[in-house]
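All remarks here apply to the structure that follows.
The values are calculated or read from the model by the stated rules, or taken from the named source; none is laboratory data. Remember, it's a predicted structure, so these values are computed and weren't measured experimentally. Here Cβ is always computed from backbone atoms with ideal geometry, including for glycine, and neighbour counts include all displayed protein chains. SASA here: full protein model, heavy atoms, side chains in, ligands and nucleic acids out. Shrake-Rupley method; radii C 1.70, N 1.55, O 1.52, S 1.80 Å.
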Amino acid sequence: MGKHGAMDPKAVWNRVKAKGLTKLRWYCQLCEKACRDENGYKCHTQSESHLRQVRVFSETPEQFIEFYSKEFEDAYMEVLRRKGENVRSKAKAVWHEVIAERHHIHLNATRWLTLTEFVQYLGKEGLAEVDQDEEGNWHIRYINRDPEVLKRKELLARKEKMD
């Protein structure tokens with residue numbers, strides 16, 4: 001007979017597999033559940049709890065999409081803010097930092113279909129400076145819109161002007 005417990009090899013291996021990031025392909029954003037394979041995902045989508053979430057989503061899909069979009073934007077801007085004001089970064093590199101967290105909001109759950117579309121939105125809204133190089137890579141730079149920082153910069157500019 002085999003051992004059944006927390007330290008048997010199968011249990012240890014299952015914990016190791018559960019720790020790491022899983023493929024985006026087998027992730028349910030509504031339930032925030034990552035499945036290991038197609039069969040697990042299929043079983044999840046047929047579960048009562050998932051179907052309940054889908055019914056709730058179908059009542060007000062715009063509200064869910066807006067919530068996920070705001071959460072994704074906040075997470076992306078936080079990573080960009082930590083990089084610094086005067087740092088020009090590849091948009092895709094920032095995105096990779098965002099998705100490195102296990103329970104991040106997936107871009108396909110937001111109103112933006114592509115990272116390019118999202119980066120262009122940030123540029124249009126004035127949240128970041130955005131440009132594209134000749135190879136087609138998008139670069140992004142954080143713009144600090146904090147009122148206290150803007151006031152401090154204005155005071156420094158006035159002081160320099162007086163001197």
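Points worth noting:
- Listed conditions (1) part of a helix (DSSP H, G or I); (2) within 21 Å of the chain's Cα centre (by Cα); (3) of a type in the set (A, V, I, L, M) are all met by Leu30, apart from (1).
- Residues (in a helix (DSSP H, G or I), open to solvent by 50 Å² or more (accessible area, probe 1.4 Å) and either polar (S, T, N, Q) or at pLDDT below 85 (or both)) located in region 33-47: Asn39
- Top-ranked residue of region 86-101 - restricted to ones that are of a type in the set (A, V, I, L, M) and at pLDDT 90 or above, ranked as nearest to Thr114 (Cα to Cα): Ala91
- Filter pass, Glu154 being out of contact with any strand residue (DSSP E or B) (no Cβ under 6 Å at 6 or more places or on another chain), surrounded by 10 or more Cβ atoms within 10 Å (Cβ to Cβ) and in a helix (DSSP H, G or I): yes
- Search result, residues across region 149-163 that are acidic (Asp, Glu) and modelled with pLDDT of 80 or more: Glu154, Glu160
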